[in-house]
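To start, the structure under review is shown below, and the notes come after it.
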Amino acid sequence: MKKADRILDHEEFAEIRKEGKRFKSPNLLLHYRSNDSKARVGVGVSKKNGNAVTRNLIKRQIRAAIDRHLEPGTPIDLIVTARYEYQTQAGAAIEGELAADLEAIGAKRID
C-alpha cells in the first residue's frame with residue numbers, strides 16, 4: 001500500500017469515524033464511507049494491544065491483508081481498528097475475517 005493511498009491525518013480519521021458507517025467483527029472494527037476517487041485506508045491500533053513493536057506488527061498484518069483483498073480502484077475511505085482481542089499469532093484467521101468484512105460492507109474483493 002503506497003503512502004498516497006493511506007489516511008494519515010487525525011482530522012480525516014475523526015471525520016470518517018463521525019460521518020461514516022461502522023461494521024464490527026470479533027477482532028476488527030471498520031469505519032467506512034464512499035469517496036469520489038480511489039481506495040484510501042487508515043489503520044489504528046490501541047496501546048491496549050501491546051508495546052510499539054506489537055502494534056506495528058498488527059498494522060503490517062492488516063495492511064498486507066488489505067493489499068490482498070481490496071481492489072485499489074474501489075471508491076472508499078476505510079479505517080480498520082484492531083480490537084483488544086486481536087491475536088498476532090492468528091494472522092491467517094484475521095485475514096479471512098477481514099476479507100469477509102470487506103465483502104460484507106460491499107468493498108470489491110480480489111480473489
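The values are calculated or read from the model by the stated rules, or taken from the named source; none is laboratory data. Since the model is a prediction, treat every value here as computed from it, not as a measurement. Cβ sites come from the backbone with ideal geometry, for glycine too, and all protein chains shown count toward neighbours.
When Thr88 is tested against (1) polar (S, T, N, Q); (2) surrounded by 14 or more Cβ atoms within 10 Å (Cβ to Cβ); (3) in contact (Cβ under 8 Å) with a residue 40 or more places away in the chain, exactly one condition is not met: (3). Filtering Glu95, Glu103, Glu11 for residues that are part of a helix (DSSP H, G or I), exposed (fewer than 14 other Cβ atoms within 10 Å of the Cβ) and touching a helix residue (DSSP H, G or I) at 6+ places or on another chain (Cβ under 9 Å) leaves a single hit, Glu103.
In the stretch 70-80, is there at least one residue being modelled with pLDDT of 90 or more, surrounded by fewer than 19 Cβ atoms within 10 Å (Cβ to Cβ) and small (Gly, Ala, Ser)? Scanning the stretch 70-80, I find no residue that is modelled with pLDDT of 90 or more, surrounded by fewer than 19 Cβ atoms within 10 Å (Cβ to Cβ) and small (Gly, Ala, Ser), so the answer is no. For Arg63, the conditions (1) more than 14 Å from the chain's Cα centre (by Cα); (2) in a helix (DSSP H, G or I); (3) not small (Gly, Ala, Ser) are fulfilled apart from (1). Here Arg17 fits the description: modelled with pLDDT of 90 or more and either of a type outside the set (Asp, Glu) or surrounded by fewer than 12 Cβ atoms within 10 Å (Cβ to Cβ) (or both).
The single residue among Asp77, Asp36 that is in contact (Cβ under 8 Å) with a residue 12 or more places away in the chain, acidic (Asp, Glu) and assigned to a strand (DSSP E or B) turns out to be Asp77. Among the residues of the stretch 13-33, those that are over 13 Å from the mean Cα position of the chain (by Cα) and either closer than 21 Å to Glu97 by Cβ or in contact (Cβ under 8 Å) with a residue 40 or more places away in the chain (or both) comprise Gly20, Lys21, Pro26.
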